[in-house]
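Here's the structure we're looking at; comments come further down.
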Ligand SMILES: Nc1nc2c(ncn2[C@@H]2O[C@H](COP(=O)(O)OP(=O)(O)OP(=O)(O)O)[C@@H](O)[C@H]2O)c(=O)[nH]1
């Protein structure tokens, strides 16, 4: 489903700036901080299923190729603070992503690279996904993780753990092997995203007490929910 990128971004900007004082006076209502995490990788590796598993708590009955981006969100409480994890499930197919790519990388807080453990080609594509991140000038301190999906298909595994671990080490990323389908397999999807959420929460500066720089305020009207959120 194609989401309205402008609406997504206005939502994000509002969320990112609203914890400070609003220009023009008056205290804004208390809001959760939102962290935007993009999930990227080849088509069919299971990005939709992973994000759905985390946000809806189950494996989707059926999926279709993502067009543009699908957007899912889940609120979690970490150390007493309620934050929102906003997952951008990006399109793996080039023809469905090219008009959206610049929106994926705007204001991003973390990146999840996904490959399919039963498809070596999806593992070999990882350098080009990393290169795409580089081209969009992602800051070095933005957390990145590597996720091998479909580990439930044991007899079909083509990407050995030691090979993936070597790649992850080379690129200074933690590696998780998981299954969106079977939550009991290896690293749990829940644990993977919660680990990332903890990392983000402790790394990102709180904006509560600082008056924001006026030039940085981009408050826009509350957007209509024009994007897909299945959870
Ligand atoms: N066995 C198994 N199948 C999975 C798993 N995750 C996803 N699949 C299947 O893999 C196929 C592709 O899953 P999607 O989540 O749609 O893949 P995607 O990466 O979002 O694909 P694009 O939207 O084209 O980029 C579907 O048939 C899923 O049912 C998994 O953990 N185990």
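Most tightly packed first, judged by the mean number of other beta-carbon atoms within 10 Å of their residues, the peptides 130-137, 79-86, 145-152, 31-38 read 145-152, 31-38, 79-86, 130-137.
Classified by the C-alpha gyration tensor, segment 34-203 has a rounded form. Its axis ratio a/c, with a ≥ b ≥ c, is below 1.5. Normalised by the number of residues in segment 34-203, the mean separation of alpha-carbon contacts (under 8 Å, six or more apart) gives a relative contact order of 25 percent. Overall shape: prolate for segment 39-130, with the ratio a/c of the largest to smallest alpha carbon gyration tensor axis at 1.5 or above and a/b above b/c.
Values in this text are rule-based calculations from the coordinates and carry no lab data. Quick caveat, the model's predicted, so the values are computed rather than measured. Cβ sites come from the backbone with ideal geometry, for glycine too, and all protein chains shown count toward neighbours.
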